[in-house]
Amino acid sequence: MNSRARTRARLLKTGAHTVQIPRTRGRRGMSPYVVVVPERPSLTHEAAAMLLRWLWRSRTALAPTGAALGALLLGVLLHLVAPWAAWLLAPLAAAPLVWLTLAHRSHPAHGPALACRTSLVALAVSVFAQLATVVAYGPLAGGLGVWWLLNLLVAQTVWPVLRRTR
């Protein structure tokens, strides 16, 4: 079999193989057949695709997790680049308390509404204080990882309740 009659395979982008069958001798000007055979995805690719599809479907339910990971990443970056930013973030922890007093003056709440406001303000104060502490001392200092995890668990638990009430 000479080299002109042999089939040639070449790799295309994203793993698809093409096999070109050489020109048949019967008709003039006929272009060769091109057979595209897709490559089967690997098990790792399938698992990653399934995980990403699940994350995309449940993206609204996992919003607090994304916010917590973003805050932790922000704290780590600020700790590495500008540790003095802790002095700017520390007063920010008092901002939810100021909001609670202003909201209570303009729209007084009693009973469950006041409890909901107070618990959300407590969570926000905890998150901002934890962010300032991470910027000051680093994410691995002391029990900051446990504090972050507790904030995440509380936020993830409260999130479906807040989404249902609005």
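The values are calculated or read from the model by the stated rules, or taken from the named source; none is laboratory data. Quick caveat, the model's predicted, so the values are computed rather than measured. Virtual Cβ from ideal backbone geometry, glycine too; neighbours counted across all protein chains shown.
Structural remarks
- Selection within the stretch 101-111 - small (Gly, Ala, Ser) and part of a loop (DSSP other than H, G, I, E, B): Ala109, Gly111
- Any hit, the stretch 121-128, residues being more than 20 Å from Ala85 (Cα to Cα) and more than 23 Å from the chain's Cα centre (by Cα): yes
- Residue match in the stretch 138-147 (condition: modelled with pLDDT of 90 or more and buried (at least 17 other Cβ atoms within 10 Å of the Cβ)): no
- Flag for Leu149 being more than 15 Å from Leu78 (Cα to Cα), within 19 Å of the chain's Cα centre (by Cα) and assigned to a helix (DSSP H, G or I): yes
- You will find that of Ala109, Ala129, Ala113, the residue that is at pLDDT 85 or above and not basic (Lys, Arg) is Ala129 and no other.
- Filtered residues of the stretch 93-121 (kept if touching a residue at least 12 places away in the same chain (Cβ under 8 Å) and within 24 Å of Thr157 (Cβ to Cβ)): Ala93, Ala95, Pro96, Leu97, Trp99, Leu100, Ala103, Arg117, Thr118, Ser119, Leu120, Val121
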